[in-house]
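The values are calculated or read from the model by the stated rules, or taken from the named source; none is laboratory data. This is a predicted model, so every value here is computed, not measured. Here Cβ is always computed from backbone atoms with ideal geometry, including for glycine, and neighbour counts include all displayed protein chains. Protein only, heavy atoms only, side chains kept; ligands, DNA and RNA dropped before computing areas. Shrake-Rupley method; radii C 1.70, N 1.55, O 1.52, S 1.80 Å.
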Amino acid sequence: VDLRGQIGPITLSSYLFNASGPRCTTEQELIKLGRSRSAAVMTKSCTLAPRAGNAEPRYRALPLGAIQSMGLPNLGYQAYLEMLPRLKQVGKPVVISISGLSLADNTTMVSAFMASSADLLEINFSCPNIEGKPQLGYDLTQTRQALDTLCTLGDKPIGLKLPPYFDMAHFDAMADLLQQYPIAFVTCVNSVGNTLVIDPETETAMIRPKGGFGGLCGDYIKPIGLANVRAFRQRLPQRIDVIGVGGIKTGTDAFEYLLAGASAVQIATCYEEEGTSCFDRIERELGQLLQRKGYASIAQAKGQLKTLD
Ligand code: RRO
């Protein structure tokens with residue numbers, strides 16, 4: 001079975017790679033990803049300056065996923081620029097995630113990586129965990145302003161990491177805006193922002209930052225991710241790939257994203273919990289499932305979801 005995925009002009013050796021976030025901050029972690037079955041190396045979102053992130057505890061595993069408010073801990077964009085030649089030596093696409101705290105910061109970083117050996121840029125419009133910084137993707141005017149600038153900075157393919165949307169009018173409005181720009185892909189979805197998980201025994205919030213509000217991840221959000229992939233696939237032109245993320249931990253989960261129209265998928269919480277073996281395992285499970293169903297390739301099943309009317 002041909003399991004190759006696609007992101008814009010780049011063909012991936014398989015359908016799965018790591019999401020920005022877990023275990024992709026240090027050079028050691030990124031080299032390890034490079035040597036794994038992950039089809040690409042995705043970096044933790046970077047900012048202009050290095051950041052330690054929010055106070056701990058800031059990540060808690062839950063029965064069906066996790067809640068976290070990491071607060072953008074990263075080495076600063078110059079460290080990723082500097083290690084890029086060594087990351088590239090592993091011989092697979094390197095995707096740089098960029099999450100500036102302002103449009104000026106994003107402009108500086110996108111310009112710098114446009115002149116680097118990075119293969120793709122994923123600009124994060126959806127971090128929910130920085131106090132005083134609303135998720136850009138929930139503000140159409142600011143999203144337009146950002147794209148007006150960021151799309152003029154170079155020819156390298158760029159994509160956007162989007163927050164989850166929950167209303168058809170919001171899918172319509174964002175898709176209508178995005179198709180006016182030369183972007184190569186969108187990644188759906190970031191964590192479901194500003195959720196609250198309570199430990200009833202101790203009567204306490206599970207994480208410290210922001211009074212316990214944090215991004216919900218894992219199994220809890222798979223139906224939200226699937227809906228966002230499907231809704232954007234139905235609305236965007238074919239030149240824009242939709243990358244799926246949210247609650248993928250088995251080959252069957254990846255297959256559901258494939259039916260919804262994902263060109264590739266990213267693994268976050270499962271990779272955090274299981275490590276790099278998740279890429280081999282899920283790839284094998286997906287291959288076996290496609291074979292059993294008689295599909296010879298990703299392309300044959302992509303977007304083929306059936307509905308009941
Ligand atoms: O670092 C984080 O707290 C974080 C980021 Br930048 C993001 O985009 N999504 C998320 O769930 N956490």
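Assess whether Gly244 counts as being touching a Cys at 6+ places or on another chain (Cβ under 8 Å) and within 22 Å of Tyr295 (Cβ to Cβ). Quick ask: steps written out before the conclusion?
Working: touching a Cys at 6+ places or on another chain (Cβ under 8 Å): yes; within 22 Å of Tyr295 (Cβ to Cβ): yes.
In short, yes.
I'd like the residue in the stretch 137-158 that is aliphatic (A, V, I, L, M) and open to solvent by 40 Å² or more (accessible area, probe 1.4 Å) and, out of all such residues, is nearest to Val95 (Cα to Cα).
Leu153
Please enumerate the residues belonging to the stretch 124-158 that are in contact with a strand residue (DSSP E or B) (Cβ under 6 Å, 6 or more places away or on another chain), of a type in the set (A, V, I, L, M, F, W, C) and more than 11 Å from the ligand (Cβ to nearest atom).
Ile158
Filtering the stretch 270-309 down to residues that are hydroxyl-bearing (Ser, Thr, Tyr) and touching a Ser or Thr at 6+ places or on another chain (Cβ under 9 Å), which residue is farthest from Ser36 (Cα to Cα)?
Filtering the stretch 270-309 for residues hydroxyl-bearing (Ser, Thr, Tyr) gives 271, 276-277, 295, 297, 307.
In the following step, the residues that additionally are touching a Ser or Thr at 6+ places or on another chain (Cβ under 9 Å) were identified as 271, 276-277.
On the way: Tyr271: 12, Thr276: 6, Ser277: 8 Å.
Checking each candidate, the answer is Tyr271.
Going by the conditions given, is Ser116 closer than 13 Å to Thr47 by Cβ and away from the ligand (no atom under 13 Å from the Cβ)? Spell out the reasoning first.
Details: closer than 13 Å to Thr47 by Cβ: no; away from the ligand (no atom under 13 Å from the Cβ): yes.
Here the answer is no, as Ser116 does not meet what is asked.
Let me confirm something: among Arg58, Arg86, Arg37, which residue is under 20 Å from the mean Cα position of the chain (by Cα) and more than 13 Å from the ligand (Cβ to nearest atom)?
None of the other options fit; the residue is Arg37.
I need a count of the residues in the stretch 63-75 that are closer than 22 Å to Ser126 by Cβ and away from the ligand (no atom under 14 Å from the Cβ).
Adding up the residues that qualify gives 1.
Identify the single condition in (1) open to solvent by less than 60 Å² (accessible area, probe 1.4 Å); (2) more than 20 Å from the chain's Cα centre (by Cα); (3) polar (S, T, N, Q) that Asn129 does not satisfy, given that it satisfies every other one.
(2)
Hey, Asp105 hits all of (1) within 16 Å of the ligand (Cβ to nearest atom); (2) outside any helix (DSSP H, G or I); (3) farther than 23 Å from Cys188 by Cβ but one; which does it fall short on?
(2) is the only condition that Asp105 fails.
Tell me, which residue of the stretch 94-112 that is of a type outside the set (A, V, I, L, M, F, W, C) and surrounded by 19 or more Cβ atoms within 10 Å (Cβ to Cβ) is farthest from Met70 (Cα to Cα)?
Asn106
Output the residues belonging to the stretch 138-157 that are out of contact with any helix residue (DSSP H, G or I) (no Cβ under 7 Å at 6 or more places or on another chain) and of a type in the set (A, V, I, L, M). Steps first, please.
So the first thing to find is which residues in the stretch 138-157 are out of contact with any helix residue (DSSP H, G or I) (no Cβ under 7 Å at 6 or more places or on another chain), and the list is 138-139, 141, 147-148, 151-152, 155, 157.
Selection gives Leu147 alone.
Please go through the stretch 159-211 and pick out each residue that is away from the ligand (no atom under 14 Å from the Cβ), open to solvent by 80 Å² or more (accessible area, probe 1.4 Å) and part of a loop (DSSP other than H, G, I, E, B).
Within the stretch 159-211, Phe166, Gln180, Pro182, Pro200, Glu201, Thr202, Glu203 meet the criteria.
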